[in-house]
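First up is the structure itself, then whatever we jot down about it.
The values are calculated or read from the model by the stated rules, or taken from the named source; none is laboratory data. Just so it is clear, the model here is predicted, and its values are computed rather than measured. For neighbour counting, all protein chains shown are included, and Cβ atoms are generated from backbone atoms with ideal geometry for every residue, glycine included.
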Amino acid sequence: MLDSKSTKQAELKTDKKDQDSASKGVTTPESDKKGNEKPEALAAKLFTGNLMDWSQISATLSSNAKVCKVVAENPEYLNKIIDCEDAAAKPAINTSLDHLVDHINDQATMVKVFTKRFGVNVSDGAVQSDTKTMEINGLKGSYKVLQRLPEQHVQRLKALNGRNETYKSSSGTTWRAEVIAVDYDKKNMDIVESGDYTDKDDAMVGMNMFDTTLAHEVGHVADTMAFQFSRDPEFLKISDWTEYVYDRTGVARQLVDDMVANMTDPLVGPFDDAELEAAKTAAASIIKRQRPNSSQDIIVEAFENAGLGAGGNQGLLTAKAQQVTQTTLFQHIKSSFGNSFCWMNECFSYLPHRQYHQGYLGRSWWSYKNVARTEIKKNSRYQFRDPGEDYAELYATYFMGTPEKRKEIEPKRLDWFERTVVPQVDNGQQQQQQAQQPQAAQAAQQSKKK
Ligand SMILES: [Zn+2]
C-alpha cells in the first residue's frame, strides 16, 4: 500500500494538534510531558509506507538531531534512503545524509552512506592493490571534506581509499588523475599543519591536515580531468611560472641557457669557449636523459662528440669532466631533479632572480621568480613544486578555510580564484557551507607529501 504525500501532510497537521493537547500535560506513547513528539514516533511516521516525502524527511532531519539518531540506528529507515534512486529526490537525500552522518557508528553503514552521497568507490583496492576501504574515522573525515567541495569537482573523483592508517600525519596521492589514496592517522584526525611544509606566516599554518590533504587531491582531480585552472596564464603569471618540457627538442638546452643567464658564476674553471659549449650540451643531455648520477660520463661523451677528446688521453679528459661537475651549473642540476625536493627551501643564492627545478621526476622543469616566494605571502612551501601544486594548495586553503583564513590568502591569488574558479561552481555551496575549521589541536611536528 502506498502512502500519498497529502496523507502524510495531513498526519503531520494532526501531530501539531496532538502536541497542543499534550502541552497541557497529557503524556501519550508518541509524546513526552512537554508535548514534544517522541523521535521514534516522528521517525516512524516519516518512513512508513513506500512513498517518501523527501522534503519533509530532510526538513525534519535538518532540525531534529534526536530523530537523526533514531534513523541512523534503524537499518529499515536508513535503507529506504540509500535504496532510493529517484533523481529528483537526490538533493533532499543528500541533505538528509549530511545530518545523519554524525550518528553512524558502524563501518558497513558508513560505507553505504558515503557511496550513496558521493558516488565514489571506496571498496578495498579501488585505487591500487595496496589500498583499502578507509575505516570509519577516515570515511567520516572524508565525508566532511567532500561535502564542502564543489559538487562538480567531487563528481570527477572515481575512487577513494586509505593506505596507511597509522601514518602520523596526512599524505595524499592522486593516480591516473581520477582516484585518490590517503595516508592518515585514524586516531588523530585533528592534526594541524604545523611547520614541515609551511613557514610560520604561511596561510596554511594551523589548518587541519587531513582536510587540506584530501581537498588538495580533489583539487588536482578536477583540475586535471576537467578544468585546467592551473594552466590559466593569469594564474601562472602570479609567480611567473615558466615551463620547460624536458624531453621536447631543444627545451633542455633552452633551460640550460636560461639557468646560465640567471646564475652567478655558472661555469667557473679553466675552460675555453669550445669546452664551455660542450659542457652546456652535456648539461642539456643530463636533463633530457634524467641521469644526474652519471653526469661525468655524459660530460666525457659530449667532449668527445665535440672533438675535445684530449688527444685520446682518457685521464686528462676525465679530470676535465670532473672539473665541470664541480661547477655551480652542474651542482645545481644534480640537486634540482624531481626526487630532490629542493623546492621545499630553495631560493639558491646563486640564482638571485629566478629558481629552476624539476617538479616531479619524469615531468617538466619549472622556473618562478624569487619575489613570488620572498615578497608575496604564500600558502605553503609546497606550492613551489609546480603550478599544479600551487593551485591545489590554493584550492585547499580556500575551500577548507574559514572566512577569516581566506583573508590570509595572498590577494592576487585570492582575487584570481574568486573571479575564475568560484564562479564556475554553480551550486553556490561554497558560500552556504561556511567552513568549520576544527579547533586547532596541538599536534606534534608532522610531515606530509602529496
Ligand atoms: Zn599535489
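Are any of the residues in region 415-429 more than 16 Å from the ligand (Cβ to nearest atom), modelled with pLDDT of 95 or more and surrounded by 22 or more Cβ atoms within 10 Å (Cβ to Cβ)? No; the residues of region 415-429 include none that is more than 16 Å from the ligand (Cβ to nearest atom), modelled with pLDDT of 95 or more and surrounded by 22 or more Cβ atoms within 10 Å (Cβ to Cβ). Taken over region 254-275, residues that are closer than 15 Å to Ala319 by Cα and either part of a helix (DSSP H, G or I) or of a type in the set (Phe, Trp, Tyr) (or both) amount to 2.
Restricting attention to region 223-253, the residues that are in a helix (DSSP H, G or I) and not aliphatic (A, V, I, L, M) total 12. Residues of region 222-245 that are of a type in the set (Ser, Thr, Tyr) and more than 22 Å from Asp258 (Cα to Cα): Thr224, Ser230. For region 309-363, a residue qualifies if it is surrounded by fewer than 18 Cβ atoms within 10 Å (Cβ to Cβ), in contact (Cβ under 8 Å) with a residue 60 or more places away in the chain and either farther than 24 Å from Thr242 by Cα or more than 27 Å from the chain's Cα centre (by Cα) (or both), and the qualifying residues are Ser349, Tyr350, Pro352, His353.
For Glu375, the conditions (1) at pLDDT below 95; (2) not assigned by TED's automatic domain parsing to the domain that holds Pro411 all hold with the exception of (2). Within region 257-277, the residues that satisfy the criterion of being over 24 Å from Glu243 (Cα atoms) and either of a type in the set (Gly, Ala, Ser) or surrounded by fewer than 18 Cβ atoms within 10 Å (Cβ to Cβ) (or both) are Val268, Gly269, Pro270, Phe271, Asp272, Asp273, Ala274, Leu276. Candidates Tyr368, Tyr356, Tyr360, Tyr395: the one that is outside any helix (DSSP H, G or I) and within 16 Å of the ligand (Cβ to nearest atom) is Tyr360. Among residues that are surrounded by fewer than 23 Cβ atoms within 10 Å (Cβ to Cβ), over 30 Å from Ser336 (Cβ atoms) and among the hydroxyl-bearing types (Ser, Thr, Tyr), Thr198 is not included.
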